[in-house]
1. May I ask you to say which residue of L97, L111 is under 17 Å from L44 (Cα atoms) and either assigned to a helix (DSSP H, G or I) or touching a residue at least 12 places away in the same chain (Cβ under 8 Å) (or both)?
2. When you go through H33, H76 one by one, which is the residue that is assigned to a helix (DSSP H, G or I) and either touching a residue at least 24 places away in the same chain (Cβ under 8 Å) or not β-branched (V, I, T) (or both)?
3. All but one of (1) at pLDDT 95 or above; (2) within 26 Å of R14 (Cβ to Cβ) hold for G80; state the number of the condition that does not hold.
4. Could you count how many residues in the range 77-106 are among the β-branched types (V, I, T) and loosely packed, with under 13 Cβ neighbours inside 10 Å?
5. In the set H60, H52, which member is closer than 17 Å to M128 by Cβ and in a loop (DSSP other than H, G, I, E, B)?
Amino acid sequence: MEQQVFGGAHQIDRPARPLWTAIKRGLLCRCPHCGEGKLFESFLKPVDRCAHCGEEMFHHRADDLPAYLVVVIVGHIIVGAFMGVEATSTLSTWQHLAIWVPLTIIMALALLRPVKGAVVGLQWALYMHGFGEEEDYIESHPEA
């Protein structure tokens, strides 16, 4: 019986990368490989390569996943908090708007960069989107 390996047969000869360490380093906006270099050169634009270890970052494909994760996280926190406050107080609509709208915007902006870093760390740890030195399927099959 053939052994099934996550990521396909090309993953067998690769050393395992520390998944949770890479995600944690990404959350801290650091290079998932060394943990020393900066991951971002501006708010959401990753560096092309790590200044400390030289790991290339330009080929990552986080796409919309960080935004979706932030919406889920912030949505659960804000809706839960709103419902708790609504059940225990008698705030007017304007007071709720003054509290929850700015809090939602601030939380979303504060979480977007670390969550994107965590996604890039996940991709690095799993050899995804160029982090395994191979061409992506989409790039090698443009008709797809």
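The values are calculated or read from the model by the stated rules, or taken from the named source; none is laboratory data. Since this is a predicted model, take the numbers as computed values, not measurements. All Cβ positions, glycine included, derive from the backbone under ideal geometry; neighbour counts span all protein chains shown.
1. L111
2. None of the others qualify; the one that does is H76.
3. Going through (1) at pLDDT 95 or above; (2) within 26 Å of R14 (Cβ to Cβ) one by one, G80 breaks only (2).
4. 7
5. Result: H60 is the single residue among H60, H52 that is closer than 17 Å to M128 by Cβ and in a loop (DSSP other than H, G, I, E, B).
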